Amino acid sequence: MKLSEFAGYGDKMEQLMRSVQAGRIVHALLFEGPRGSGKRTVARLFAQATVCTGREKPCGVCPACKRFLNGTHPDVHVLRPEKKTIGVDDIRALIDALALKSYEGGGHIVLIEQAESMTASAQNALLKTLESPSGDALFFLITDAPGSLLSTIVSRCQRVRFHDLSVEDCAGVLVRRGLAPGRAAQLAGMAQGSVGRALEIDGDGEWQALREKVLGSLEALKGRADVAGAAAPLETDKGAEGDALDIMELWARDLMAVQCGAAPYQSAEAGRLSRCRLDGRALLKGVIRARMQLASNVSWPNALENMYFQLINTPTTDTIGRTGLSWQR
Ligand SMILES: [Zn+2]
């Protein structure tokens, strides 16, 4: 994949790439954004481009690119938490390695993934290196929680912010990765524009089966007499409460969108959404309440049935509050 093909970031990345090629890049870059927004992929492409000796960087075929891609480039240092944290010893070992001249003469490249997992002492040790750069190292810090980094670290970095892509851009990226357009659109909607999440869902048959079960359960809810029957298939899924509620939350947001005439994330499900008689806002409230109940040790079957009873008592409304479809009809 080329940097410029990274939908949603093309302009920003080309601009940064020009600085790389002109040798004007800052000493440290902080790639920050939500999980699955592509920051790690782009940071790696960037790092690869800085070592690439081909014409169009990153070319992917020159010896330097090949060494980068198979993890054997001697001047590329990748740190990621092996257990839960990146400790001060890891940073010290890195600083020692950076004190040596780079093997290929192009400078050192440091990629710190999940940078927020650096302990406070690790961050302090790194700070000294970022403050007084000795030599020619270029740092890429990658994080989805920049708030967990020392402000002194953040202020030494040029920040590159990532956001979730639009569902259309996300689907475009998935198609370029070889998925069929229909499937790509469906996954992009379910992942709300997160490429990483879409790829996770694609490989997670259990999650997809749970989603079908959750939607089937919501669709079975037509009146008071249906509550127990609709809830029953979900009640036995031990440990899946969190995922089930996440699926319901996205469904609720999409119902709200459809009920006020806006585009849903899951546009591939537009028909199913418009046939659903649940009120989006009431479902969202129900999800929030159920999460609070679970946190205070209410059992999952009780929390779920409470939610369903509340839901069937709430008529569907549109944006201006007019009562539209009613459960009792
Ligand atoms: Zn190359």
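For the reader, a short list of remarks on this structure follows.
- Qualifying residue in the range 112-126 (condition: in contact (Cβ under 8 Å) with a residue 60 or more places away in the chain, touching a strand residue (DSSP E or B) at 6+ places or on another chain (Cβ under 7 Å) and away from the ligand (no atom under 16 Å from the Cβ)): yes
- Top-ranked residue in the range 65-91 [being aliphatic (A, V, I, L, M) and surrounded by fewer than 21 Cβ atoms within 10 Å (Cβ to Cβ); ranked as nearest to the ligand (Cβ to nearest atom)]: 69
- Here is the figure for the range 32-49: residues that are touching a strand residue (DSSP E or B) at 6+ places or on another chain (Cβ under 6 Å) and either assigned to a helix (DSSP H, G or I) or of a type in the set (Phe, Trp, Tyr) (or both) total 4.
- Scanning the range 37-68 for residues that are free of Cβ contacts under 8 Å to residues at least 40 places away in the same chain and under 24 Å from residue 99 (Cα atoms) gives 48, 52, 53, 65, 67, 68.
- Residue 80 vs. criteria touching a helix residue (DSSP H, G or I) at 6+ places or on another chain (Cβ under 9 Å), farther than 26 Å from residue 33 by Cβ and of a type in the set (Lys, Arg): no
- Residues that are more than 8 Å from the ligand (Cβ to nearest atom) and either surrounded by 21 or more Cβ atoms within 10 Å (Cβ to Cβ) or not in a loop (DSSP other than H, G, I, E, B) (or both), drawn from the range 50-62: 50
- Condition broken by residue 261, with the remaining ones in (1) in contact (Cβ under 8 Å) with a residue 24 or more places away in the chain; (2) part of a helix (DSSP H, G or I) satisfied: (2)
- In this structure, residue 250 does not qualify as part of a loop (DSSP other than H, G, I, E, B) and assigned by TED's automatic domain parsing to the domain that holds residue 293.
- Members of the range 95-120 that are surrounded by 13 or more Cβ atoms within 10 Å (Cβ to Cβ) and over 28 Å from the mean Cα position of the chain (by Cα): 95, 97, 98, 102, 104, 106, 107, 108
- Of the helices (runs of 4 or more DSSP H) entirely within the range 115-212, those holding at least 1 residues that are modelled with pLDDT under 95 and under 30 Å from residue 241 (Cβ atoms) occupy 167-176, 181-190, 195-202.
The values are calculated or read from the model by the stated rules, or taken from the named source; none is laboratory data. Bear in mind the structure is a predicted one, so any value in this text is a computation, not a measurement. Positions of Cβ are generated from backbone atoms using ideal geometry, with glycine treated the same way; all protein chains shown enter the neighbour counts.
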